[in-house]
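Working notes for the structure below.
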Amino acid sequence: MTKKDSFQFLSSDIWLKYTQQRYTPVDHIKYRLDNLGLKKQDWPKLQMDIQNYRKVGAIPLFLSTIDKKFWYFPADCILKKVNEIESLGKGLFYKIKSTKTFQDEFLANAAMEEAITSAIYEGANSSRSKARELIANDLIPKNIDEWMLLNNYKAMKWIKSNSQLNLTSDLVTKIHKIVTNNTLEGDDANFYGKYRNDTVYVGNHQGIDHKQIEAAINEAIELTTNNKRYLHGLIKGIFLHYFLAYIHPFFDGNGRTGRTLFYFKAIKNDLKFIELLSISAHLKEHGKQYEKSFGLVTKYDLDLTYFIDFCLDSLLAALIKVRQKVDFLISIGNLKKSYQLRPKQISLLQKMALNKHRAVSINEFATSINQSREVARRELKDLSTKGLLKEIKRGKKFVYFIQSKKLKEIVSSTLVP
């Protein structure tokens, strides 16, 4: 193409609609030609032009250790999603921090939700109520499924407390140690916190030669930390997630390690709002699309843009759920006048609404509000009488649970104009 032809192509509907406005798999564009007034006989050249222009404008991410030339095209739609995620995420994080009534509870609940969903996504067999009880009460796990749940939660806490550490190969194996503690069986148990020493397959994908694992991990870390091109923190975390999956350094625990590393990288890049959401929740709901995004990278000459696009959609969907949850919790404050509730009762309802399986005792509530047991009992009884809490006797003591369904109905009614 001449320079003039190139400019015309980069301003054409087929380029703007299917590369910039949305990053469409190249083969799929073929079925949209009629909408653009193009003919099928034009397709072979168009197909080549689209792929070539994407590669020319791409950021290379070559892993020389395994001779793989990955690349990423910073399309308008990708950059727009990154901005939207960061704007929404930071706004929600500030909103939660400014409430001061449930911020700590919200962050702890988010870490718990990611730990549970990640474990369930990997096959752990447990109900959410049992999982939350295990984590909340620091119980000793009874089986591999429970260890997986607890380990994931400990990993989330660990990365938050150690985000000042440099990302190294040793840190990757440290995270693997945390997430696989007491979960590896047979020969795999010998590789607790260690890279594999043999070939491994994941579906049709073969992990790289085990002799190249550490060198490839180090190169992937360098590419996502000190790249000469500008890479947003979210993109860096997604790259790291992908490369770990591609390299597949462990016999077991790669998924949990990769997702934890994504959180670590994002938090390290000061994207603290990542703590609010569960990326595993969207993966669990859209697992086939997640797997498909890996396949698209391979199909289209190692174009990582497809995987990035899916991950950004996942983050945005997760943040929208967080926004709905935050708006609901804040709306509980509308009950203050209509139900004649005191601030500490509102705060309790907000915290308990985050976990419908949580029980609170009179003594526990008295300690939290720094009041006598009698004051706490009256406050809880009042909430129970108004149908917001459910009183249950356990042995000789009463405990209280949130009336989740009724609370949602009540709060919804206060939002009607």
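Read-outs: derived from the displayed coordinates by stated rules, not from any lab. Keep in mind that this is a model prediction, so the values were computed, not measured. Note: ideal-geometry Cβ built from the backbone for every residue, glycine included; neighbour counts use all protein chains shown.
Taking every alpha-carbon pair under 8 Å whose residues sit at least 6 apart, the stretch 122-246 reaches a relative contact order of 17 percent.
Per-residue packing, averaged as other Cβ atoms within 10 Å, sorts the ranges 252-258, 380-386 into the order 252-258, 380-386, beginning with the highest. Between 0 and 90 degrees, the angle of helix 169-180 with respect to the longest Cα principal axis of the chain falls at about 50 degrees.
Considering only DSSP beta bridges with both partners in the chain, what is the antiparallel share in %, to the nearest 5?
Working: 16 of 17 bridges.
Close to 95 percent.
Between Lys390 and Lys40, the distance separating the two model label sites (each 7 Å from Cα on the Cα→Cβ line) works out to 6.1 nm.
What does the charge add up to near Leu271, with Lys and Arg as +1, Asp and Glu as -1, over the other residues with Cβ less than 13 Å from its Cβ? Once positives and negatives cancel, what remains is +3. Within the shell defined by Cβ-Cβ distances under 14 Å, the residues around Lys405 carry a net charge of +3, with Lys and Arg each +1 and Asp and Glu each -1. Rounded to the nearest 20, the size of the Cβ-charge dipole of the stretch 293-340 about its Cα centre is 580 debye, with Lys and Arg at +1 and Asp and Glu at -1. Helix 305-331 versus the longest principal axis of the chain: what is the Cα-based angle in degrees, 0 to 90, to the nearest 10? The angle comes out near 20 degrees. Relative contact order of the chain, taken over Cα pairs closer than 8 Å and 6 or more residues apart, is 16 percent. Our helix-only sum for the chain, with -39,500 (n - 2.57) per DSSP H run of n ≥ 4 divided by its residues, gives a mean residue ellipticity at 222 nm of -18500 deg cm²/dmol. Relative to the dominant Cα principal axis of the chain, helix 76-99 is inclined by about 20°.
So for Asp145, Asp67, fewest C-beta neighbours within 10 Å to most, what's the order?
The fewest-first ordering by Cβ neighbours comes to Asp67, Asp145.
Between [x] 83, 59, 34; [y] 73, 53, 40; [z] 65, 47, 36, which entry matches Cα extents along the principal axes in Å as derived from the coordinates of this structure? Comparing each candidate, only [x] matches the computed number.
Residue pairs exceeding 29 angstrom between C-alpha atoms, taken from Lys81/Lys160; Lys160/Lys408; Lys228/Lys288; Lys130/Lys177: Lys160/Lys408; Lys228/Lys288. Taking a sphere under 13 Å around the Cβ of Arg196 and counting the other residues whose Cβ falls inside, with K and R at +1 and D and E at -1, yields a net charge of -4.
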